[in-house]
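This report refers to the structure that appears directly beneath it.
Each reported figure results from applying straightforward, stated rules to the coordinates on display, with no laboratory input. On a predicted model such as this, the values are computed, not experimentally measured, just so you know. Quick reminder, even Gly has a Cβ in these numbers, built from the backbone with ideal geometry, and neighbours come from all protein chains shown.
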Amino acid sequence: MSVETGNLHEYAEGRPEQFSIRLDKLHRMKRENRDPFVKTSFPLTSKTREVLESFDHDALETQNVSVAGRIVSWRDMGKANFIDIADSAGKIQVYIRGDIVGDEVYSEFKDWDIGDIIGVTGEVFVTRRGEVSIRAGNIELLAKALQPLPEKFHGLKDIELRYRQRYVDLIVNPEVKETFITRSAVIKEMRNYLDSLGFFEVETPVLLSVASGAAARPFVTRHNALSLDMHLRISLELPLKRLIVGGFDKVYEIGRVFRNEGMDTTHNPEFTMLELYWAYVGYEEIMDLTEELIRNAAKRVMGEDGIAVVEGVEYDLSKPFARMSMKEAVKKFAGVDWEDIDTAEQAKALAKQHGIEVESRHGKGDILNLFFERYCEEKLIQPTFITGHPVEISPLAKTIENDPEYTQRFELFIAGHEYANAYSELNDPEVQRERFIRQAELKAAGDEDANDMDDDFINALEYGLPPTGGLGIGIDRLVMLLTDSASIRDVILFPTMKPVDGNVSKKPQEGCL
């Protein structure tokens, strides 16, 4: 029901008292032809930070500026008021007196609230305490806030509510905004670096008839016009490799992918990936590129030392990243020499001795990976490339020429988590088809993460894919590392959340203003 035409009390039912008070004010303004929502624009000369940073006692004092933002604090001195208004760049103090703005405007101003969005025009000056401020000559109410903001000493502490109502989180917790500014800068630097190397940025479909390119369970949706079940993409890989077939030598995409899987501090069902493909190079050249790409982004965003600090632990991204094979890691951290394992039966017996659960479908390579996940991942603290993944878990990678049980693949681990995955791309269509068939058999046996057969991709390979190196980097995890964020939800503006009744929580927050 519309607030303009509906029942005021019905709209406010179940709301905090402050909401009803503010709604009463809004309706009174509308009855008096002072509806703040009719405003369509307010001419700005500056952002708050620009006023503070460019202030010169001689040049800017008495100079008029126009700024706009949200009232975030208010100090009533009787005949004068000091308020702080915040915009996207920061906040600034505004001095308001009735004998300057006029009695009528001043009377209206006294009826405003913290959280309201206003426009201010006035002179820049310095208070006796040395604070650069604006002496308001004119003020306008541009939008009325019906919901009170959390009071600064309590803040918005409910972590679930912060994620659900990110708009409030951004208003009252300035450090959250800095995290997302850093995220944007990281993506920008990675894009600039790849562009400087001659990579071409492209966009590929989100809706696919076949979801392949990763070991993951897809989301299924319905295309009504085509009467077709489709999948949200789980990877950017196969469309990008089709473009290499088509004649592009260097392509990349930064985009959302979707995996219908569990959620924890490092997993969200939708997340951002950078994937790139480079013709005529292999995984070793891609390894060098990955190191430089991440190091460059870290230095540009965090400074020349390239050191990320997470929960007090330093991760040095400026030094060459360590490199070891998966078999070497298992030998080092689990004390198991995989060179002594010849058959799947031996591997299963060894797994049983170590309390590792295996399934009948698991081969020798699958079990090596289970040992790696159990004993090694959490030990890989400083940046480390793990190479030589078993062919069973790498259906799209080329095998090592003299060791066909293992592939030309690497993963980058930092702080015990995976940050990048790459390999020399398998370009033999016959072998790729056999791998897809094997994946289909695994899916039929109950492996929901196995790849589907993609006949069109096989068709593309039959036209000839040159030797190619490919890379995928999880942007969200990288931003977590560079911003010392504990959860992936801290670096995604709108993380996936289970809905609450009515789609939004309307419970009063502790300590509202």
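Longest stretch of the chain clear of exposed loop sites (chymotrypsin sites (Phe, Trp or Tyr not before Pro), DSSP loop, at most 11 other Cβ atoms within 10 Å, sites excluded): 154-462. Annotation: amide H of residue 492 has no partner in the under-5 Å range at sequence separation 5 or more or interchain, hydrogens built in the peptide plane. With Cα atoms defining each centre, the range 264-322 and the range 9-33 are spaced 51 Å apart in the structure.
The C-alpha radius of gyration of the range 107-215, expressed as a fraction of 2.2 N^0.38 Å, stands at 1.71. Here's the picture: charge each Lys and Arg Cβ at +1 and each Asp and Glu Cβ at -1 in the chain, and of 483, 436, 266 the one pushed furthest to the positive end of that dipole is 483. For residue 465, the amide hydrogen comes within under 5 Å of no other amide hydrogen, counting only partners 5 or more places away or on other chains and with H modelled in the peptide plane.
Using alpha carbons only, what's the Rg to Rh ratio of the chain with Rh from Kirkwood? Rg/Rh for the chain comes to 1.08.
Its convex hull of Cα atoms gives the range 354-513 a direction-averaged projected area, equal to a quarter of the hull surface, of 15.3 nm². Please work out the FRET efficiency for the pair residue 159 and residue 310, using the Cβ-Cβ distance as r and a Förster radius of 25 Å; give the result to the nearest 0.05. Efficiency computed from Cβ-Cβ geometry: 0.85.
Shown here for the range 368-440: GluC sites (Glu not before Pro) in loop regions (DSSP other than H, G, I, E, B) with at most 14 other Cβ atoms within 10 Å, namely 401.
Around the amide H of residue 325, modelled in the peptide plane, lie the amide H atoms of 387, all under 5 Å away and 5 or more residues distant in sequence or on another chain.
Projecting the Cα positions of 370, 121, 343 onto the charge dipole of the chain (unit charges on Cβ atoms of Lys, Arg, Asp and Glu, taken about the Cα centre) puts 121 furthest along the positive direction. If R0 equals 35 Å, the separation of the Cβ atoms of residue 228 and residue 188 corresponds to a calculated FRET efficiency of about 0.40.
In units of the rule-of-thumb radius 2.2 N^0.38 Å, the range 298-409 shows an alpha carbon radius of gyration of 1.26.
The sum of -39500 (n - 2.57) across all DSSP H runs of n ≥ 4, divided by the residue count of the chain, sets its helix-only mean residue ellipticity at 222 nm to -9500 deg cm²/dmol. Which links in 30/91; 299/398; 144/177; 331/352; 241/398; 30/79 stretch past 24 Å when you go from one Cα to the other? Cα-Cα > 24 Å for 30/91; 299/398; 30/79; rest within. Across the range 326-381, C-alpha contacts under 8 Å between residues 6 or more apart give a mean separation that, scaled by the residue count, equals a relative contact order of 43 percent.
Within the range 414-442, what residues put their amide N at less than 12 Å from the label point 7 Å along the Cα-to-Cβ vector of residue 265? Only 416-417 pass the distance filter. Length gained on full extension, residue 173 to residue 459: 97.8 nm, using 0.36 nm per residue less the C-alpha separation.
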